[in-house]
Amino acid sequence: MPDITETDMDAEQAYQPERIWTWKKANGGEFANINRPIAGPTHDQELPRGKHPFQLYSMATPNGVKVTIMFEELLALGMTEAEYDAWLIRITEGEQFSSGFVDMNPNSKIPALIDYSSDRPVRVFESGSILLYLADKFSAFIPETGSERAEVLNWLFWQMGSAPYLGGGFGHFYAYAPEKMEYPIERFTMEVKRQLDVLNRELEHKPYIAGDTYSIADIAIYAWYGSLILDNQYDAAEFLAVHEYKHVLRWAKQISLRPAVIRGRKVNRYWGEESEQVIERHSTHDID
């Protein structure tokens, strides 16, 4: 009988995809209890509605923080028409699969917004879409025309396309997967560091990502990469050697000191320091 080497045994035990994939509910991982391969609601529940024109349903993840920062920035400009109610959707408990939330966003992802300021309510989902909708509605944090507007949109959509590599890719396999696997961690680490290098090169000669003016592109990118590079998201700052990206660090620190950013990051947060939590927001006094 030929000897069976350790390499042979590893090859036999290596994962091989099924010919037709089937869903295995007990697949491990931190979010396995809410992940599923089908859309639609899991339970009937209407969403609450407050008194303000804008009703936000969210949680203080990077995508959720984008929108609460935007609202707080608008209010800081004195735009009282941007008053909003922010209702907590606990995504770890599957609240995004309620019938009311699915009616707002068929993709069952936070954040989701309803604008009641006109005769016909407008639903807006996807964080980048919400930022653009609010920027256009209030003519703030985005140029109205020309190459400057195009540059802001370039970077807004760059962030929307890049986030899955950072959150769903690197973050998942480095921090949340039930076991460490070399190939996905190496693959997504390489891509995240490339993205940080893209930002670092762009920010070397300008204060904000699209030029001289703070915009929704900065808000969108800061929510992900500012959190990563300043707050040690995924406990990965040392692993990613974030100190190498000095221009990104300068930019992120500058944005993090804005009062509206400090306020917006607290909304719909229910973890961490108690002083940093505003579980739901229905007036400026909730944050004060």
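The values are calculated or read from the model by the stated rules, or taken from the named source; none is laboratory data. Values in this document were obtained by computation on a predicted structure and should not be read as measured data. Quick reminder, even Gly has a Cβ in these numbers, built from the backbone with ideal geometry, and neighbours come from all protein chains shown.
Listed values, structure above:
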{"read-out": "Qualifying residue in region 155-164 (condition: in the same structural domain as residue 245 (by TED's automatic domain parsing), in a helix (DSSP H, G or I), closer than 29 Å to residue 25 by Cβ and out of contact with any Leu (no Cβ under 8 Å at 6 or more places or on another chain))", "value": "yes"}
{"read-out": "Selection count, region 43-92, where residues are farther than 14 Å from residue 219 by Cβ, under 18 Å from the mean Cα position of the chain (by Cα) and not aliphatic (A, V, I, L, M)", "value": "6"}
{"read-out": "Residue check, residue 80 surrounded by 18 or more Cβ atoms within 10 Å (Cβ to Cβ), at pLDDT 95 or above and either closer than 21 Å to residue 283 by Cα or not polar (S, T, N, Q) (or both)", "value": "no"}
{"read-out": "Test for residue 126: is it in the same structural domain as residue 206 (by TED's automatic domain parsing) and within 30 Å of residue 206 (Cα to Cα)", "value": "no"}
{"read-out": "Leading residue by the ranking (farthest from the chain's Cα centre (by Cα)) among those in region 145-170 that are surrounded by 15 or more Cβ atoms within 10 Å (Cβ to Cβ) and more than 16 Å from residue 222 (Cα to Cα)", "value": "148"}
{"read-out": "Any hit, region 188-196, residues being more than 30 Å from residue 148 (Cβ to Cβ), among the hydrophobic types (A, V, I, L, M, F, W, C) and more than 21 Å from the chain's Cα centre (by Cα)", "value": "no"}
{"read-out": "Residue tally, condition acidic (Asp, Glu) and not in a helix (DSSP H, G or I), over region 189-236", "value": "2"}
{"read-out": "Top-ranked residue in region 237-288 [being on the phi < 0 side of the Ramachandran plot, under 17 Å from the mean Cα position of the chain (by Cα) and not in a helix (DSSP H, G or I); ranked as surrounded by the most Cβ atoms within 10 Å (Cβ to Cβ)]", "value": "267"}
{"read-out": "Of residues in region 20-41 being modelled with pLDDT of 95 or more and not aliphatic (A, V, I, L, M), the one surrounded by the fewest Cβ atoms within 10 Å (Cβ to Cβ)", "value": "40"}
{"read-out": "Residue list for region 176-188, filter: surrounded by 15 or more Cβ atoms within 10 Å (Cβ to Cβ) and not in a helix (DSSP H, G or I)", "value": "177"}
{"read-out": "Any chance residue 66 is outside the structural domain of residue 221 (by TED's automatic domain parsing), under 22 Å from residue 154 (Cα atoms), buried (at least 16 other Cβ atoms within 10 Å of the Cβ) and among the basic types (Lys, Arg)", "value": "yes"}
{"read-out": "Top-ranked residue in region 42-57 [being in contact with a helix residue (DSSP H, G or I) (Cβ under 6 Å, 6 or more places away or on another chain) and of a type in the set (D, E, K, R); ranked as surrounded by the most Cβ atoms within 10 Å (Cβ to Cβ)]", "value": "46"}
{"read-out": "Answer from 89, 130, 142 - the residue that is crowded, with 21+ Cβ neighbours inside 10 Å, within 16 Å of residue 213 (Cα to Cα) and not small (Gly, Ala, Ser)", "value": "142"}
{"read-out": "Any chance residue 149 is in a loop (DSSP other than H, G, I, E, B) and either in the same structural domain as residue 48 (by TED's automatic domain parsing) or at negative phi (or both)", "value": "no"}
